[in-house]
Amino acid sequence: MKQKSFNNAENTNAGLYIHIPFCLSKCSYCSFYSIKSVNLISAYLAALHKEILFYGGIFPPFDTIYIGGGTPSLLTVEQLADIFSAIHRTCTIDPQTEVTIEVNPGDVSKVYLQSLHSLGISRINIGIQSFSESILNMLGRRHSVKEAVAAINAARQAGFDNLGIDLIYGVGKQGLKKWENTLLKALSFRPEHLSCYQLSLAARTPLYKKYQSCKLSLPDEKKQLKFFLVTDSLLESSGYLHYEVSNFARSALFKSKHNMKYWQHAPYLGVGPAAHSFLNNKRWWNKASVRNYLVEIGRGKMPVENTETLSPDQLQLEALFLGLRSKTGINLNNYTARYGLDLLTEKKAIIDTLIKNKLLELHEGFLRPTTAGMAVADSLALI
Amino acid sequence: MDNIRNFSIIAHIDHGKSTLADRLIQYTGVCNERNFQDQILDNMDIERERGITIKSNAISLPYHAKDGRDYILNLIDTPGHVDFSYEVSRSLASCEGVLLLIDAAQGVQAQTLANLYMAMEHDLEIIPIINKIDLPSADINRVLEEIDMELGLDPDTHIKCSAKEGTGIDEILEAIVDRIPPPEGNEGNPLAALIFDAKYDSFRGTIIHCRLFDGIVKAGDIIKFMSSGATYKVEEVGHFLLQRAKREKITAGEVGYIIAGVKTVADVRTGDTITLQDRPCRQPLPGFKDVKPVVFASIYPIASDDYQDLADSLEKYKLNDASFIYEKDSSAALGQGFRCGFLGLLHLDIVQERLEREFNLSIILSVPSVRYRFTLKDGKVVYVDNPAHYPDPGDIDKGEEPYIRAAMMLPERYLGSVMKLCMEKRGVNSNLNYTGPGRVELSYEMPLAEVIYDFYDRFKSVTQGYGSFDYDIIDYRESNLVLMDILVNGEKVDALSQIVHRERARSRALIACERLKEEIPRQMFKIAIQGAIGGEIIARTTISPFRKDVTAKCYGGDITRKRKLLEKQKEGKKRMKMIGSVSIPQSAFLAVLKSDTD
């Protein structure tokens, strides 16, 4: 199999993810790695600088930076400024860089947001989750609906013209109507970006335990599909692009460039505990422990938990399932060139069947899922 | 020769044949307690689990009788199932007497009767033995009544025993000596030896088990198989103790083995006569038949990569089972495989289990078929045992299918439901005998195809296990046959095609469709399952698709996790068969084979 064409990815710019693994309280559905010991923050940031220093030179220039968590908005403006100066000292940053920060609605004042904006953060993603008080409660969020609205307004006033809102649906007995209301409320702010996630329960989360003990019900498959389709049609009719299973952009300009890196096998560096990185068909990830992270970096070692080099088969499979999660779909020529597999020839019978069943479409050299296809994208990848 | 007794034990399944054999072996001291493994004559796992003896075996027991003389008692074991009745008859032909074993609680059953008739045909001395007298449910008086009424034997000749507890064994051994006549024959006559079994030994080739009626055979002799004319040079002869015991010669009246460089058991025909090339006997011993398989099915590997393994395994299996036949076959749906012939459904089960267990293969078995006979319009007669070779319907003048005579014994209270079942199975020419108070013997003629479909399971269930069943193939009879196909999303699944009686087609098709519906997992698109005769759809079900399975989030760390999950699912899918774009698990094929009672 030809492999030379894999180089393709290295010519593209990279993404940088910075994990801030601290939360004052843990949301009941969240399985991300975070701890409450905010007293470790300054030591942690120092270690983070070293990790950025270590990898910065290996990667192609970064044109997206994403500060996620955890709760990045627990950091002071000074701490954030330090991170940026560390990045600028060690990495090549493209001038058009998309710089995103995730914030928690309860943590942000207008002044804080203005400072973030003046640091050069161009994109803000607010974890609103719902405009229903009872659902926020069920999710164990720290903020109220009122704070959510205030945070959005403050971000706008602070000058953010690229604003994203995260929402969750399918929580308990939440009806379609209630979900539509949350969506309409979100739309009233005309956010540039909307992420609408169906609630999924990870093991060991409080909400999962509640579900296991039958104190929480989840919508059945039929209802899940309804939620998915209602979300799609409501947002598309409001002019949003349903560009990925759970993501909507007000125009192509406002797609999350950083997240697209994950979906297109572009290089990305993730720093901080549990963060994942990808470069030259190699993926590695850090240990999920702030304390081990500090110890290893202190010894001058990188706190890598594991590394995998993706085989051509694995690359093909990933590109397939990631590609079929996006509205644009898979560029067939690029796919053949990069992964050495001509899908239309090799998988003709099943692709024809899926096209006939209106789950896939061929469009100007792209193989893309229909809306119904997106809803079963996991299985589409098993062709 | 006076000190030799050749005998078999015959019984209905589970009446304790193997246990009694063990006791006789133990009692005569061929082996001591330490190396004694229960049920020595059944030495395959499957036999032990199912409690039936599949391939016969033999052993010579030295016995010092009460008359002060030493005897050699040759126990020739017989397979205990209706599929192997020819093998049983050849074993019986090698004996002068039988122990007819009857369970004290269950009494006379269909196979008891079938075996008795067979022993009578061979003019054997019959010693009725009531076994399991230790059971609380034993009803000895009733059994004595049955021996008298149903078997027509003198009940005073019976011996009571409990093979499990070891009671009555010495009485049985004495009866063998006293009542079974010694073999006749003449060492001076030309060699005439009856082959009653053959086993494959990877070092020595085929071990021929035989009974000498006349003459002598020894190493160096050139022997000839009378049915095939093939000749071999004898390498070794001997007797059966726990292992083979080499002897200089075996002579008229004895039971023993011959090793003569015969490569496979398929070169040896059970029932054939062995004689010497330079001094042949005038005619072969009577009763030789070339047994033909009656049930046919195709075997496919689940993963096509396993084809060569399957081929090798079948070749190895065949070394020890001459009645099993196979040839290459291929199916559009299932790929390369083999068409196989079996003596019956049990035989098929055994082969399938052994391939899976001993050879560690995952296989798919097609719907079993009988061998149909078609007379074409141009007068040609063709036999079809594979639905893939079904003639063009336009060319068929008439179709015929094999019929059997089923002999059943059952308590009278089940008579109504059994007759209903037999009629449903197209049974005709019934015959009913009251053999004793509350018990009946019922016989029907019915198509073999109905019997192999699900008759036996349903018979057992309607008689709650109290009925017993035996059958003989009788003849071919004209029948209104059609080829029924199963289509999955419009694609014919050729492995599921069946030749059926027209009246059966619709119900068979419906059952097949329903089973497939239960077993095929929902997929991304609707799946239509249809049963059809030619272009006409006679049954239909659909499997609705699933419509939502996508995971909400897929960022940095989720990608590896998700990929691993997909890789696992892909592995699982590899074990399924693709029909068009539909993945069908092996269980779906097996489900179509299942009878509808379980």
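The values are calculated or read from the model by the stated rules, or taken from the named source; none is laboratory data. Remember, it's a predicted structure, so these values are computed and weren't measured experimentally. Note that each Cβ is placed from the backbone with ideal geometry, even for glycine, and that neighbours are counted across all protein chains shown.
A single entry from B:Lys328, B:Lys316 fulfils the requirement of being part of a helix (DSSP H, G or I) and of a type in the set (Lys, Arg): B:Lys316.
Taken over the range B:547-565, residues that are modelled with pLDDT of 90 or more, facing chain A (nearest Cβ under 7 Å) and part of a helix (DSSP H, G or I) amount to 4. Only a single item in (1) in contact with an Asp or Glu (Cβ under 9 Å, 6 or more places away or on another chain); (2) exposed (fewer than 15 other Cβ atoms within 10 Å of the Cβ) is not met by B:Gly416, and it is number (1).
Scanning for something touching a Gly at 6+ places or on another chain (Cβ under 9 Å), modelled with pLDDT of 85 or more and in a strand (DSSP E or B), does the range B:83-94 turn up at least one residue? For the range B:83-94, residues touching a Gly at 6+ places or on another chain (Cβ under 9 Å), modelled with pLDDT of 85 or more and in a strand (DSSP E or B): absent. Apart from one condition, B:Glu400 fits all of (1) buried (at least 21 other Cβ atoms within 10 Å of the Cβ); (2) touching a residue at least 60 places away in the same chain (Cβ under 8 Å); the exception is (1). Filtered by the rule that a residue be touching a strand residue (DSSP E or B) at 6+ places or on another chain (Cβ under 8 Å) and without any contact (Cβ under 8 Å) to a residue 60 or more places away in the chain, the range A:132-142 gives A:Ile135, A:Leu136. Apart from one condition, B:Pro585 fits all of (1) touching an Asp or Glu at 6+ places or on another chain (Cβ under 9 Å); (2) within 8 Å of another protein chain (Cβ to nearest Cβ); the exception is (2). Residues considered: A:Leu380, A:Leu359, A:Leu344, A:Leu322. Of these, the only one that is within 8 Å of chain B (Cβ to nearest Cβ) and over 27 Å from B:Gly556 (Cβ atoms) is A:Leu359. Only a single criterion out of (1) outside any strand (DSSP E or B); (2) under 18 Å from B:Leu448 (Cβ atoms); (3) at pLDDT 85 or above is not satisfied by B:Leu346, namely (3). Among the residues making up the range A:162-181, those that are of a type outside the set (D, E, K, R), more than 22 Å from A:Phe254 (Cβ to Cβ) and not in a loop (DSSP other than H, G, I, E, B) are A:Leu176, A:Trp179, A:Asn181. Here B:Ser331 meets the list (1) at pLDDT below 85; (2) under 30 Å from B:Ser89 (Cα atoms); (3) of a type outside the set (Lys, Arg) almost entirely, failing just condition (2).
Residue by residue, here is whether (1) within 24 Å of the chain's Cα centre (by Cα); (2) at pLDDT below 90; (3) not in a strand (DSSP E or B) holds:
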| residue | (1), (2), (3) |
| --- | --- |
| B:Leu242 | no, yes, yes |
| B:Ile250 | no, no, no |
| B:Gly256 | no, no, no |
| B:Pro284 | no, no, yes |
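Looking for something within 14 Å of another protein chain (Cβ to nearest Cβ) and in contact with a Pro (Cβ under 8 Å, 6 or more places away or on another chain) - is there at least one such residue anywhere in the range A:299-318? No: the range A:299-318 contains no residue that is within 14 Å of another protein chain (Cβ to nearest Cβ) and in contact with a Pro (Cβ under 8 Å, 6 or more places away or on another chain). Looking at the range B:483-507 only, could you name the residues that are over 16 Å from B:Ser366 (Cα atoms), touching a strand residue (DSSP E or B) at 6+ places or on another chain (Cβ under 7 Å), surrounded by fewer than 20 Cβ atoms within 10 Å (Cβ to Cβ) and away from every other protein chain (no Cβ under 14 Å)? Of everything in the range B:483-507, those that are over 16 Å from B:Ser366 (Cα atoms), touching a strand residue (DSSP E or B) at 6+ places or on another chain (Cβ under 7 Å), surrounded by fewer than 20 Cβ atoms within 10 Å (Cβ to Cβ) and away from every other protein chain (no Cβ under 14 Å) turn out to be B:His501, B:Arg502, B:Arg506.
Yes or no: the range B:501-523 includes at least one residue that is under 29 Å from the mean Cα position of the chain (by Cα), more than 25 Å from A:Ile355 (Cβ to Cβ) and in a loop (DSSP other than H, G, I, E, B). Checked the range B:501-523: no residue is under 29 Å from the mean Cα position of the chain (by Cα), more than 25 Å from A:Ile355 (Cβ to Cβ) and in a loop (DSSP other than H, G, I, E, B). Annotation for the range B:529-546: no member residue is facing chain A (nearest Cβ under 7 Å), in a loop (DSSP other than H, G, I, E, B) and either more than 21 Å from A:Gln198 (Cβ to Cβ) or β-branched (Val, Ile, Thr) (or both).
A single member of A:Leu234, A:Leu253 is within 18 Å of B:Ala552 (Cβ to Cβ), of a type in the set (A, V, I, L, M) and in a helix (DSSP H, G or I), and it is A:Leu234.
Determine, yes or no, whether B:Phe225 is of a type in the set (Phe, Trp, Tyr) and without any contact (Cβ under 8 Å) to a residue 60 or more places away in the chain. It is true that B:Phe225 is of a type in the set (Phe, Trp, Tyr) and without any contact (Cβ under 8 Å) to a residue 60 or more places away in the chain. Taken over the range B:520-542, the criterion of being surrounded by fewer than 17 Cβ atoms within 10 Å (Cβ to Cβ) and over 20 Å from B:His501 (Cα atoms) is satisfied by B:Pro521, B:Arg522, B:Lys526, B:Ala528, B:Thr542.
Quick grid of which residues meet (1) hydrophobic (A, V, I, L, M, F, W, C); (2) outside any strand (DSSP E or B); (3) under 17 Å from B:Ser94 (Cα atoms); (4) out of contact with any strand residue (DSSP E or B) (no Cβ under 7 Å at 6 or more places or on another chain):
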{"position": "B:Lys164", "(1), (2), (3), (4)": "no, yes, no, yes"}
{"position": "B:Asp170", "(1), (2), (3), (4)": "no, yes, no, yes"}
{"position": "B:Asp197", "(1), (2), (3), (4)": "no, no, yes, no"}
{"position": "B:Thr206", "(1), (2), (3), (4)": "no, no, no, no"}
{"position": "B:His209", "(1), (2), (3), (4)": "no, no, yes, no"}
{"position": "B:Leu212", "(1), (2), (3), (4)": "yes, no, yes, no"}
{"position": "B:Tyr232", "(1), (2), (3), (4)": "no, no, no, no"}
{"position": "B:His239", "(1), (2), (3), (4)": "no, no, yes, no"}
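Evaluating B:Leu510 against the criteria (1) buried (at least 22 other Cβ atoms within 10 Å of the Cβ); (2) in contact with a strand residue (DSSP E or B) (Cβ under 9 Å, 6 or more places away or on another chain) leaves one unmet condition, (1). The single residue among B:Glu441, B:Glu353 that is in contact with a helix residue (DSSP H, G or I) (Cβ under 8 Å, 6 or more places away or on another chain) and in the same structural domain as B:Ile299 (by TED's automatic domain parsing) turns out to be B:Glu353. Condition check: touching a helix residue (DSSP H, G or I) at 6+ places or on another chain (Cβ under 8 Å) and either within 14 Å of chain A (Cβ to nearest Cβ) or not aromatic (Phe, Trp, Tyr) (or both). Does B:Met578 satisfy that? Against the criterion (touching a helix residue (DSSP H, G or I) at 6+ places or on another chain (Cβ under 8 Å) and either within 14 Å of chain A (Cβ to nearest Cβ) or not aromatic (Phe, Trp, Tyr) (or both)), B:Met578 does not qualify. Right, B:Asp38: modelled with pLDDT under 80, buried (at least 24 other Cβ atoms within 10 Å of the Cβ) and assigned to a loop (DSSP other than H, G, I, E, B) or not? It is false that B:Asp38 is modelled with pLDDT under 80, buried (at least 24 other Cβ atoms within 10 Å of the Cβ) and assigned to a loop (DSSP other than H, G, I, E, B).
Among the residues making up the range A:201-230, a single one is part of a loop (DSSP other than H, G, I, E, B), free of Cβ contacts under 8 Å to residues at least 40 places away in the same chain and within 13 Å of another protein chain (Cβ to nearest Cβ): A:Asp220. If you check B:Lys568, B:Lys573 for being more than 9 Å from every other protein chain (Cβ to nearest Cβ), more than 22 Å from B:Pro368 (Cβ to Cβ), basic (Lys, Arg) and part of a helix (DSSP H, G or I), only one passes: B:Lys568.
Here is a yes/no grid of residues against (1) more than 25 Å from B:Tyr117 (Cα to Cα); (2) touching a strand residue (DSSP E or B) at 6+ places or on another chain (Cβ under 9 Å); (3) at pLDDT below 95; (4) assigned to a helix (DSSP H, G or I):
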residue: B:Glu400; (1), (2), (3), (4): yes, yes, no, no
residue: B:Leu410; (1), (2), (3), (4): no, yes, yes, no
residue: B:Arg413; (1), (2), (3), (4): yes, no, yes, yes
residue: B:Arg426; (1), (2), (3), (4): yes, yes, yes, no
residue: B:Glu441; (1), (2), (3), (4): no, yes, yes, no
residue: B:Lys460; (1), (2), (3), (4): no, yes, yes, yes
residue: B:Gly465; (1), (2), (3), (4): no, no, yes, no
residue: B:Phe469; (1), (2), (3), (4): no, yes, yes, no
